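A quick write-up on the structure given underneath.
The values are calculated or read from the model by the stated rules, or taken from the named source; none is laboratory data. For clarity, every value in this text was computed on a predicted model and none was experimentally measured. Please note: Cβ atoms are built from the backbone with ideal geometry, for glycine as well, and neighbour counts cover all protein chains shown.
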Amino acid sequence: MAFSAYEHWLYGIEELKKGSIQADLLAREHFEKALKIQPDYALACTGMSLSYFNEWTCQLWDRWEVSKSGAFEWAQRAIELDDQNHIITMVLGRIFLYEGSYDTAEYYFRKSLMLNSNDPDTLLPIALYIVYLGLGKEALKLFERSLELNPFNADYQLRIGGFIYFELGEYEKAASFIKHKPNGIAKIADTDAYCAAIYYHLGQFDQMQTYWNSYLETYRVLIAKGTDFDPQDAIDWIFKLNPHRHVSHLEDFLKFISKGRFQHAPVKKIPAKEKGLIVNSFIKEAGVWKFSFDNSVIQIPEVKGFYDLQKLLMQPGQVFHCAELMGSSLEDKSEKLIDEKSRRDYQKRILELQSAIEEAEMQNDYSNIHTLHEEYDMLIEHLSKSLGLQGKIRETGSVVEKARSAVTWRIRNAIAKIELHHPFMGAHLSNAIKTGTFCSYKPDRDIHWETV
């Protein structure tokens, strides 16, 4: 039986869900096979990114930088191929979150929700990630919506539901998700540390110590490789795994458990102010880019998106077509992915399948339900690739489409680089820069930039 690229994607995703190094490698084999069948298959690139992300944050801690680079590069390829896929944009948001580029991360999470707000497999991780951004109440709504759409996601109640309630300060509710005693090595390395923190806030110190000891043993096996270690290193690791933007409820617990040795979580430092400099500048000097904003100065190695940003900053309010920023000709020889008749036929068949699934469910015809769902899912997948946001038929090979994807990626990546070194400047640009087919810089106040 010949596999299609989509089938390899499905098998790869199932392997990733197992959460082991061996499963990640098997998943990568499937994604590589999918790319051999279809070299421009964006979801396969996303799968490759996810496999490296698992290594980066959950598995091969001694390969942190290598795995991080792999996750980022494959996500970049995916978004350049298709920036209208909600899975790809969610993955990219997650990568920027762990990079500490919080505004850029939120941009991609919200874009993912805009593209598809009814996929429980993306609602669930987004619910987790936006807690790190300080959006706990919104996260709770997404988590509950995910459970409505897929009750099997209840398996994640401790890791995600309990985490959300913990950061909302509802400790009794968070504790209600803890069903089992610690068993040494948790599937998620820091889960027992959060359980310990929950019990600390509830004043149940015996339980707190039990779970904290379990976390330290997990750290000993997975991170310290069986050797002795400074408990402070285990504390610092928690914040490496959990990229909080603001103060976490973990901090009071960690101050207690470390007997005051832990003071606060590491935060990004804003460069010190330098006097006598232009307040706002965006200039390339001697192979590097030098920026000043709010009297703070930074220097960053070049990325392509800086040229796009410079052009936009030079003419506030001016609207630029993405192809103009890309330097592409506007001659567009694209082909439609499907024709109008095919779209009508697909939509008609989808409605028929919906009715057939409802009838099969009423009659408890489970074997037929599975077959009907398979056909339904495949049609939805194909149609989602073929239609745009407004139901318009998408085109392949489109110069405009490729330019829009590439320019959006370049600009958002450039802003993320700036945000790492200067959070205030990154936040300003993230809010004021509009990307898409047409791009512009529209600040919310009068602001002058020196660009040459």
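Pairs meeting the criteria (first residue in segment 12-24 and in the same structural domain as Y41 (by TED's automatic domain parsing), second residue not in a helix (DSSP H, G or I), beta carbons under 7 Å, at least 6 apart or on different chains) are G19/C58; G19/K187; I21/Q59; I21/L60; D24/Q59. Return yes when L420 is out of contact with any His (no Cβ under 8 Å at 6 or more places or on another chain), hydrophobic (A, V, I, L, M, F, W, C) and more than 18 Å from Y307 (Cα to Cα) and no when it is not. Yes, satisfied.
I'd like to know if segment 427-437 contains one or more residues that are modelled with pLDDT under 80 and within 21 Å of K111 (Cα to Cα).
At the first step, the residues of segment 427-437 found to be modelled with pLDDT under 80 are 437.
Restricting the remaining residues to those that are within 21 Å of K111 (Cα to Cα) gives 437.
Yes, there is a match, as at least one residue in segment 427-437 is modelled with pLDDT under 80 and within 21 Å of K111 (Cα to Cα).
Filter segment 181-222 for residues that are at pLDDT 80 or above and among the aliphatic types (A, V, I, L, M); which is nearest to K18 (Cα to Cα)? Lay out the reasoning, then the answer.
Filtering segment 181-222 for residues at pLDDT 80 or above gives 190-221.
Going one step further and asking which of them are among the aliphatic types (A, V, I, L, M), we end up with 193, 196-198, 202, 208, 216, 221.
Details: A193: 22, A196: 25, A197: 27, I198: 27, L202: 33, M208: 29, L216: 24, V221: 20 Å.
This residue is V221.
Answer yes or no: is there a residue in segment 123-140 that is over 22 Å from L241 (Cα atoms), in contact with an Asp or Glu (Cβ under 9 Å, 6 or more places away or on another chain), crowded, with 19+ Cβ neighbours inside 10 Å and outside the structural domain of H421 (by TED's automatic domain parsing). No - not one qualifying residue is present in segment 123-140.
Do you know which residues across segment 126-160 are modelled with pLDDT under 90 and either under 15 Å from the mean Cα position of the chain (by Cα) or of a type in the set (A, V, I, L, M) (or both)? Listed by number, the residues that qualify are L147, L149, A154, L158, I160. Within segment 237-264, if we keep just the residues that are of a type in the set (D, E, K, R), in contact (Cβ under 8 Å) with a residue 12 or more places away in the chain and not in a loop (DSSP other than H, G, I, E, B), the residue that is farthest from F96 (Cα to Cα) turns out to be D252. Scanning segment 369-390 turns up no residue that is part of a helix (DSSP H, G or I), within 30 Å of A427 (Cα to Cα) and modelled with pLDDT of 75 or more. Only one of the numbered conditions (1) at pLDDT 80 or above; (2) aliphatic (A, V, I, L, M); (3) surrounded by fewer than 17 Cβ atoms within 10 Å (Cβ to Cβ) is violated by I350, and that is (1).
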